[in-house]
1. Exactly one condition in (1) touching a residue at least 40 places away in the same chain (Cβ under 8 Å); (2) crowded, with 20+ Cβ neighbours inside 10 Å is false for residue 321; which is it?
2. Take the range 1-22 and flag every residue that is closer than 28 Å to residue 87 by Cα and either free of Cβ contacts under 8 Å to residues at least 40 places away in the same chain or within 17 Å of the chain's Cα centre (by Cα) (or both).
3. I'd like the full set of residues that are outside any loop (DSSP other than H, G, I, E, B) and within 25 Å of the chain's Cα centre (by Cα), limited to the range 271-294.
4. Looking only at the range 254-270, decide whether some residue is surrounded by 14 or more Cβ atoms within 10 Å (Cβ to Cβ) and in a strand (DSSP E or B).
5. For the range 295-311, does any single residue satisfy the condition of being part of a strand (DSSP E or B), surrounded by 22 or more Cβ atoms within 10 Å (Cβ to Cβ) and in contact with a helix residue (DSSP H, G or I) (Cβ under 9 Å, 6 or more places away or on another chain)?
6. Would you check which residues across the range 281-294 are surrounded by fewer than 18 Cβ atoms within 10 Å (Cβ to Cβ), over 18 Å from residue 235 (Cα atoms) and touching a strand residue (DSSP E or B) at 6+ places or on another chain (Cβ under 6 Å) and list them?
């Protein structure tokens, strides 16, 4: 049976269309995905993302363990700084992408909901003496307040100077009277914050945020708009654009792959990938027609399959269908004209520079 976040009743009351997602009942939309997408791009919206996983890694060997299981260099993260990274299998395939927070006396790892159990087991398999790992996901509510008016909304509720928090930094502060992590991060490409706090205060914090944001026409936002928002910014989605079958270099994540640090899981395989080069790469494309690209649709050139769609959606900002695909080199180069093929139909597409907006 699916779990419910602490705000489930609020979503239902607000007209949320609830669906099963990553083992939780989550709102896919409230009004329409199009309206919600534009709301975040123009004012401010709130996402309940409490289905995400949160792990605490502590002890004298905490940094050593985090660095061993992730591909970025966690030793470079200052206290109160966050880092985007990934975990890889020994063959270089991706276990998950995640954010690591340095909280001084421990590291706080935020992982994808669908991978929570797998990720925790993977880290525990490689646990070392002097490091402890705890899954605290069920005790945490995570809200993402995103959009140009997010800061003005939240500033009413805290004495913390939000304009002083830089991108991918955070503070431990009080907001709406509740102790929490206030992080300048998000999955939309808009200015905003992600808040992590005790599940006990879920409804009080939600109510306070919506009261503070009323003047900006704040609204709850579902998973549908979250997907189209992240796609416009070319943010990867696990299970689509990254997976156990796709390595970081193919996914365009070479920038978080730090081969010059000490040993880590997958390092030897990734060193070989970098030395040999990749034969395929994730690329963005636009569709010259009404076909919405779906995961698994084929990409053709001259009647030959040269790639496969990993993500696709209608872009409300571009008023056009867009997608990401894993495309054989050199056909992934910007400006290449290809064909999207599905169900006996084909539609012209062209690879473009990303992010889309």
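1. So residue 321 meets the others, but not (1).
2. 2, 4, 20, 21, 22
3. 273, 274, 280, 281, 282, 283, 284, 285, 286, 287
4. No, the range 254-270 has no match at all.
5. Yes, there is a match, as at least one residue in the range 295-311 is part of a strand (DSSP E or B), surrounded by 22 or more Cβ atoms within 10 Å (Cβ to Cβ) and in contact with a helix residue (DSSP H, G or I) (Cβ under 9 Å, 6 or more places away or on another chain).
6. Of everything in the range 281-294, those that are surrounded by fewer than 18 Cβ atoms within 10 Å (Cβ to Cβ), over 18 Å from residue 235 (Cα atoms) and touching a strand residue (DSSP E or B) at 6+ places or on another chain (Cβ under 6 Å) turn out to be 288, 289, 292.
Table: residues versus (1) farther than 27 Å from residue 198 by Cβ; (2) in a loop (DSSP other than H, G, I, E, B); (3) in contact with a strand residue (DSSP E or B) (Cβ under 7 Å, 6 or more places away or on another chain); (4) at pLDDT 95 or above.
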| position | (1), (2), (3), (4) |
| --- | --- |
| 6 | no, yes, yes, yes |
| 10 | no, no, no, yes |
| 19 | no, no, yes, yes |
| 25 | no, no, yes, yes |
| 34 | yes, no, no, yes |
| 37 | yes, no, no, yes |
| 47 | no, no, yes, yes |
| 57 | no, no, yes, yes |
| 66 | no, no, yes, yes |
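The values are calculated or read from the model by the stated rules, or taken from the named source; none is laboratory data. Computed from a predicted model, the values in this text were never measured in an experiment. Virtual Cβ from ideal backbone geometry, glycine too; neighbours counted across all protein chains shown.
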